[in-house]
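> Questions regarding the structure given below will be posed in turn.
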Amino acid sequence: MVALAEEFGTPLVIYDGGLLRDTMRRYVQAFRAHDPNAEVIYASKAFWAQALLRMAHEEGLRMDVASGGELYMALHAGFPPGKIVMHGNAKDAREIGEALDAQVGLIVVDSLDEICLLDEIAGERGRVQDVLIRVTPGVKPSTHAYISTGQLDSKFGFSLEGGLAAAAVAACRQAANVNLVGLHCHIGSQIFEIGAYRVAAQLLAEFVKEQGHDDLSIMDMGGGLGIAYTRGDEPPPVEEYADLVMESVLAEWDAAGLPRPRVMVEPGRSIVGRAGVTVYRVTGTKDIPGVRKYVAVDGGMSDLMRPMLYGAVYEALLPERPEAEATESLRLVGKHCESGDVLIQEAELPPVQRGDLVCLPATGAYGVAMASNYNGVTRPAVVFVDDGRPTLVVRRETYAELVARDL
Ligand code: LLP
């Protein structure tokens with residue numbers, strides 16, 4: 001990290017390329033151990049560098065895109081359109097047209113308006129599009145309210161309760177240019193209590209039984225497996241999650257007397273989160289007697305929104321003295337003109353001073369993917385390291401790019 005910070009500057013996002021690849025492989029193996037037709041779809045919103053998307057393709061994953069922009073990035077990376085799954089709760093006509101023109105494999109429909117619009121636009125193009133219906137089963141796993149999506153009162157999808165999901169099935173069956181092939185359900189993100197997937201599977205199997213299974217042969221269970229951000233976090237390993245999801249779906253479908261569906265999952269965070277770290281340089285420290293010590297770094301909310309947005313907790317370490325004893329309690333803050341621009345409220349670190357490097361582990365998911373240019377701060381460079389060899393995969397943004405779109 002010290003050498004990389006020297007070579008590429010800070011803030012720098014560093015991924016362990018081997019760990020990324022290994023996690024993708026473990027995912028595919030763990031799901032295919034139960035059914036060779038199971039599919040792992042990478043949720044590109046978590047981190048979408050071209051190098052990563054290409055790697056996901058090489059490792060046999062499909063790609064989840066949630067907007068026209070993410071679709072563009074997947075196609076640009078050479079992803080076969082048939083392996084792309086198009087999401088979004090508010091797709092507009094242009095994005096639907098782009099998905100149809102690209103001939104994406106699946107579109108996940110999220111509203112009755114979208115079903116009508118898709119039917120119309122597909123009709124104009126003389127195409128029939130395979131779709132999944134996004135169902136919200138009413139399961140609320142324990143996670144932050146902003147990142148839980150499977151409950152009844154949600155902007156996403158069609159609830160089982162109140163008959164919305166049934167209405168969506170009917171609408172798809174009536175639409176001449178929409179070919180219903182299955183259901184989708186994403187109950188939330190950063191989930192440790194994976195038993196929630198079993199509850200969801202049970203509700204979904206009941207629903208498929210009610211509706212008739214002929215055109216509901218795919219069951220996409222979404223993403224959501226949590227990762228460790230701090231030492232105390234103990235999420236289940238990928239294999240345990242895969243066993244639980246596959247066993248739950250297959251057992252619930254068997255119990256309902258239904259033919260087994262083709263299971264898909266859409267992990268994002270659990271593929272890229274732990275593989276990435278961010279390295280900052282300390283720009284200065286301030287000791288307020290009797291109050292606390294502040295340590296400021298050269299990045300912050302523009303490259304890592306999660307502490308501010310969700311109250312997410314991270315830990316820090318000093319790459320130059322990783323084994324030194326943590327004797328100071330301090331607040332690690334960013335460089336933005338916001339009091340809330342705090343990376344870590346209470347960090348325990350060895351003595352730190354200006355010029356030191358500070359590393360935040362587990363920033364690989366929803367870090368640079370949610371980056372902004374607030375305060376005219378340029379977005380960081382991204383490096384993949386494989387067997388000790390670094391490759392710059394995203395260069396640092398330049399000042400010129402900050403004004404490039406202004407007319
Ligand atoms: N599939 C769908 C339809 C989703 O909405 C999401 C995430 C995923 C898959 C991937 O979920 P994952 O495996 O990464 O949990 N920005 C927030 C997370 C938002 C997640 C949104 N949807 C964060 O930083 O925690």
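> Based on this model, can you work out whether G290 counts as more than 11 Å from the ligand (Cβ to nearest atom), crowded, with 16+ Cβ neighbours inside 10 Å and in a loop (DSSP other than H, G, I, E, B)? Lay out the reasoning, then the answer.
Numbers: more than 11 Å from the ligand (Cβ to nearest atom): yes; crowded, with 16+ Cβ neighbours inside 10 Å: no; in a loop (DSSP other than H, G, I, E, B): yes.
Taking the combined requirement at face value, the residue does not satisfy it.
> While we're on this one: Can you tell me which residue in region 129-152 is modelled with the lowest pLDDT, limited to those that are surrounded by fewer than 15 Cβ atoms within 10 Å (Cβ to Cβ) and over 21 Å from D64 (Cβ atoms)?
So the first thing to find is which residues in region 129-152 are surrounded by fewer than 15 Cβ atoms within 10 Å (Cβ to Cβ), and the list is 142, 144-146, 152.
Checking the rest, the ones that are also over 21 Å from D64 (Cβ atoms) come to 142, 145, 152.
Working: S142: 68, A145: 59, L152: 79.
Top of the filtered list is A145.
> Among the strands (runs of 3 or more DSSP E) confined wholly to region 318-385, which include 2 or more residues that are in contact with a Pro (Cβ under 7 Å, 6 or more places away or on another chain)?
Details: elements: 328-333, 342-349, 357-361.
Once the strands (runs of 3 or more DSSP E) in region 318-385 are filtered for at least 2 residues that are in contact with a Pro (Cβ under 7 Å, 6 or more places away or on another chain), what remains is 342-349, 357-361.
> Does region 230-242 include one or more residues that are over 30 Å from V385 (Cα atoms), open to solvent by 10 Å² or more (accessible area, probe 1.4 Å), touching a residue at least 24 places away in the same chain (Cβ under 8 Å) and within 16 Å of the ligand (Cβ to nearest atom)? Outline the logic, then answer.
So in region 230-242, the residues over 30 Å from V385 (Cα atoms) come out as none.
No; the residues of region 230-242 include none that is over 30 Å from V385 (Cα atoms), open to solvent by 10 Å² or more (accessible area, probe 1.4 Å), touching a residue at least 24 places away in the same chain (Cβ under 8 Å) and within 16 Å of the ligand (Cβ to nearest atom).
> In addition: Open to solvent by 10 Å² or more (accessible area, probe 1.4 Å) and either assigned by TED's automatic domain parsing to the domain that holds G367 or more than 14 Å from the ligand (Cβ to nearest atom) (or both): does that describe V169? Full working, then the answer.
On the way: open to solvent by 10 Å² or more (accessible area, probe 1.4 Å): no; either assigned by TED's automatic domain parsing to the domain that holds G367 or more than 14 Å from the ligand (Cβ to nearest atom) (or both): yes.
When the stated conditions are applied, V169 does not pass them.
> Does V313 qualify as being within 16 Å of the ligand (Cβ to nearest atom) and assigned by TED's automatic domain parsing to the domain that holds G223? Spell out how you get there, then give the answer.
Values: within 16 Å of the ligand (Cβ to nearest atom): yes; assigned by TED's automatic domain parsing to the domain that holds G223: no.
Criteria not met by V313.
> With L52, L75, L71 as the choices, which residue is over 21 Å from L132 (Cβ atoms) and hydrophobic (A, V, I, L, M, F, W, C)?
Values: L75 fails: over 21 Å from L132 (Cβ atoms); L71 fails: over 21 Å from L132 (Cβ atoms).
Being over 21 Å from L132 (Cβ atoms) and hydrophobic (A, V, I, L, M, F, W, C) holds for just one of L52, L75, L71, which is L52.
> Follow-up question, since we're still on this one. With the requirement that a residue be part of a loop (DSSP other than H, G, I, E, B) and more than 25 Å from M24 (Cβ to Cβ), what does region 254-269 give you? Before you say what the answer is, go through the steps one by one.
Initial filter on region 254-269 (part of a loop (DSSP other than H, G, I, E, B)): 256-261, 266-268.
Listed by number, the residues that qualify are A256, G257, L258, P259.
> Anything in region 7-24 that is more than 14 Å from the ligand (Cβ to nearest atom) and either free of Cβ contacts under 8 Å to residues at least 12 places away in the same chain or closer than 17 Å to K83 by Cβ (or both)? List them, or say none.
Once the filter is applied, which keeps residues that are more than 14 Å from the ligand (Cβ to nearest atom) and either free of Cβ contacts under 8 Å to residues at least 12 places away in the same chain or closer than 17 Å to K83 by Cβ (or both), region 7-24 yields only D22.
> Hey, can you tell me all the residues within region 193-229 that are open to solvent by 40 Å² or more (accessible area, probe 1.4 Å) and within 29 Å of L304 (Cα to Cα)?
E193
> Also: Can you name the helices (runs of 4 or more DSSP H) wholly within region 1-105 that have at least 1 residues being closer than 27 Å to Y241 by Cα, of a type in the set (G, A, S) and outside the structural domain of F158 (by TED's automatic domain parsing)?
Values: elements: 2-8, 17-32, 50-58, 68-76, 93-102.
Qualifying helices (runs of 4 or more DSSP H): 17-32.
> Filtering region 18-62 down to residues that are acidic (D, E) and open to solvent by 40 Å² or more (accessible area, probe 1.4 Å), which residue is farthest from G224 (Cα to Cα)?
Here is the first cut: in region 18-62, the ones acidic (D, E) are 22, 35, 39, 58-59.
From the residues that got through so far, the ones that are open to solvent by 40 Å² or more (accessible area, probe 1.4 Å) too are 22, 58.
Working: D22: 19, E58: 23 Å.
Top of the filtered list is E58.
Condition check ((1) surrounded by fewer than 16 Cβ atoms within 10 Å (Cβ to Cβ); (2) part of a loop (DSSP other than H, G, I, E, B); (3) away from the ligand (no atom under 16 Å from the Cβ); (4) not hydroxyl-bearing (S, T, Y)) across all residues:
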site: E252; (1), (2), (3), (4): no, no, yes, yes
site: I271; (1), (2), (3), (4): no, no, no, yes
site: Y294; (1), (2), (3), (4): yes, no, yes, no
site: G300; (1), (2), (3), (4): no, yes, no, yes
site: L304; (1), (2), (3), (4): no, yes, no, yes
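> K155 - would you say it is open to solvent by 40 Å² or more (accessible area, probe 1.4 Å) and within 16 Å of the ligand (Cβ to nearest atom)? It would help to see each step written out before you state the result.
Numbers: open to solvent by 40 Å² or more (accessible area, probe 1.4 Å): yes; within 16 Å of the ligand (Cβ to nearest atom): yes.
For K155, the condition - open to solvent by 40 Å² or more (accessible area, probe 1.4 Å) and within 16 Å of the ligand (Cβ to nearest atom) - is met.
The values are calculated or read from the model by the stated rules, or taken from the named source; none is laboratory data. Worth saying up front: this structure is predicted, and the values here are computed from it rather than measured. Here the Cβ is made from the backbone with ideal geometry for all residues, glycine too, and neighbour counts use every protein chain on show. Ligands, DNA and RNA are excluded from the accessible area calculation, which covers all protein heavy atoms including side chains. Shrake-Rupley method; radii C 1.70, N 1.55, O 1.52, S 1.80 Å.
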